[in-house]
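Right, one structure below, let's go through it.
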Amino acid sequence: MSGETQAIFNILLAPNAFKGSLTALSAALAMDEGIRRVGGLPNGVALNTLFAPLADGGDGALETLISATGGSLESAEVQDPLGRTIQARWGRLGGEHSHIAVIEMAEASGLRLLQRDELDPLHASTYGVGQLMLKAIEAGCRELLVAIGGSATNDGGAGMAQALGIRLLDETGRDLPPGGVNLNRLAAIDRSSSLLSKDIRVSVACDVNNPLCGAEGASAVYGPQKGATAEDVVALDAGLWRFSEVIKSQLSIDVAERPGAGAAGGLGAGLMAFCGAELRSGSDWVMEVVGFEEKLAQCQLVITGEGRIDGQTARGKVIAGVAQRAKARGIPVIALAGSIEEGADALLRESGLTATVCILDSPCTVDEAMRRGYALIADTTERLIRLRGVFGGHFVLEEGRGAG
């Protein structure tokens, strides 16, 4: 009737990417489809969705940030982790952030670029990351945000530095060949031909706190997933120790124990040492750019998710950040996932998560689940909305509270 205000229930869709299956935006669209199937509630309440697809410092940050800001994707010819020529993407943010470039290191030096039998953490290089950084600078960007998850490398960012014109020399004055295994031979750093001017600001989107070296360092913690044997881990860790010692003695920068220095095979350390980079929480940065808090303030429910919820999820990842912010406002949060590690949901409840829900509807292989990701998310979201009892038997409403 004219003059009446319809009650509206706002739902914020804020998933991370479901790796290997869906981007964060695609996951949000699947959630939205499930909600649209419901249409409205029996008591006449209208359902409304707001979108805030998210990312941390890993795969998906580039697409998420470009989509959220109306920016543009660019392409450049660079070297992959093994030195082969490939086309890799970088992006320029839109609107008031158009001076900022997003470099997703996984585009040039990521694990996803290699077949399992090609993994070579001893010799894999971040040279392509440096090439992408130069392309963005040549295009006029004055600030670079480097998202450093998903690496196939363990070279401390040595290759990145070499692409930027910084020479890493052995005792004979020769340039080191690619790969972390060769850092044991590092004797000198020559920055006289650096292509990175002092007016370029570099920030690092990173959601791990590992130091560069030691038992919690890049080689020991992440080396095995990149193909490193126990013997390789020892050699790579020794190389990173040598790398940090030379950086400290010649550049007066101590990166060995700095939190985040061990991210992406030590690329965090290299960016700090050679680019003066500031490390920031990737998920926090993305939330700021997409206006997460402003959208959250309008909603009565948040649905988030990612491919796998495990022990790492509670340590500064997207879902934990969403839960903490929603908890501060008293808003329930449901997280969808393809798999949930035992005990992980309990850790997340401490952060404010209301519940975790597995999207699988029958036994299947991982490959099948990934292929069906969109449909599984849509179906699960529809069931959640129909089962209002999950939320205490009713929806908390505010008359006329819409998307704004």
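Some notes on this structure:
- Residue in the stretch 111-133 that is in a loop (DSSP other than H, G, I, E, B), closer than 19 Å to SER197 by Cα and either assigned by TED's automatic domain parsing to the domain that holds GLN225 or modelled with pLDDT under 95 (or both) present: no
- Pairs are defined by a Cβ separation below 8 Å, a sequence spacing of at least 6 or placement on different chains, a first member in the stretch 103-117 that is over 15 Å from GLY57 (Cα atoms), and a second member that is among the hydrophobic types (A, V, I, L, M, F, W, C) and surrounded by fewer than 24 Cβ atoms within 10 Å (Cβ to Cβ); the pairs so defined are LEU113/ILE86; LEU114/LEU82.
- So ALA220, is it touching a strand residue (DSSP E or B) at 6+ places or on another chain (Cβ under 7 Å) and either part of a helix (DSSP H, G or I) or assigned by TED's automatic domain parsing to the domain that holds LYS198 (or both): no
- Test: residue in the stretch 64-80 that is part of a helix (DSSP H, G or I), at pLDDT below 90 and among the small types (Gly, Ala, Ser): yes
- Residues of the stretch 223-232 classified as part of a helix (DSSP H, G or I), touching a residue at least 24 places away in the same chain (Cβ under 8 Å) and not basic (Lys, Arg), total: 2
- MET160 meets each of the listed conditions (1) under 25 Å from the mean Cα position of the chain (by Cα); (2) in contact (Cβ under 8 Å) with a residue 40 or more places away in the chain; (3) surrounded by fewer than 24 Cβ atoms within 10 Å (Cβ to Cβ) apart from (3).
A quick yes/no check of all residues on (1) out of contact with any strand residue (DSSP E or B) (no Cβ under 8 Å at 6 or more places or on another chain); (2) in the same structural domain as SER151 (by TED's automatic domain parsing); (3) in a helix (DSSP H, G or I):
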| residue | (1), (2), (3) |
| --- | --- |
| VAL234 | yes, yes, yes |
| GLY239 | yes, yes, yes |
| SER244 | yes, yes, yes |
| ILE253 | yes, yes, no |
| ALA261 | yes, yes, no |
| ALA264 | no, yes, yes |
| GLN298 | no, no, no |
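- Residues (out of contact with any Leu (no Cβ under 9 Å at 6 or more places or on another chain), outside any loop (DSSP other than H, G, I, E, B) and modelled with pLDDT of 90 or more) located in the stretch 329-354: ALA337
- Residue check for PRO259: surrounded by fewer than 19 Cβ atoms within 10 Å (Cβ to Cβ) and under 21 Å from SER281 (Cα atoms): yes
- Just one of the listed residues (SER67, SER75) is farther than 23 Å from ASP232 by Cα, in the same structural domain as VAL204 (by TED's automatic domain parsing) and touching a Ser or Thr at 6+ places or on another chain (Cβ under 9 Å), namely SER67.
- From LEU47, LEU29, residue being under 23 Å from GLY321 (Cβ atoms), out of contact with any Asp or Glu (no Cβ under 9 Å at 6 or more places or on another chain) and surrounded by fewer than 21 Cβ atoms within 10 Å (Cβ to Cβ): LEU29
- Only one of the numbered conditions (1) part of a loop (DSSP other than H, G, I, E, B); (2) closer than 24 Å to GLY260 by Cα; (3) free of Cβ contacts under 8 Å to residues at least 60 places away in the same chain is not met by PRO177, and that is (2).
- Condition met for ASP254 (in contact with a Gly (Cβ under 7 Å, 6 or more places away or on another chain), of a type in the set (Asp, Glu) and either more than 26 Å from SER98 (Cβ to Cβ) or surrounded by fewer than 21 Cβ atoms within 10 Å (Cβ to Cβ) (or both)): no
- Residues (over 19 Å from ALA24 (Cβ atoms) and among the basic types (Lys, Arg)) located in the stretch 316-362: LYS327, ARG329, ARG349
- Filter result for ALA369 (part of a helix (DSSP H, G or I) and crowded, with 17+ Cβ neighbours inside 10 Å): yes
The values are calculated or read from the model by the stated rules, or taken from the named source; none is laboratory data. None of these values were measured; they are calculated from a predicted model. Note that we place each Cβ from the backbone using ideal geometry, even for glycine, and neighbour counts take in every protein chain shown.
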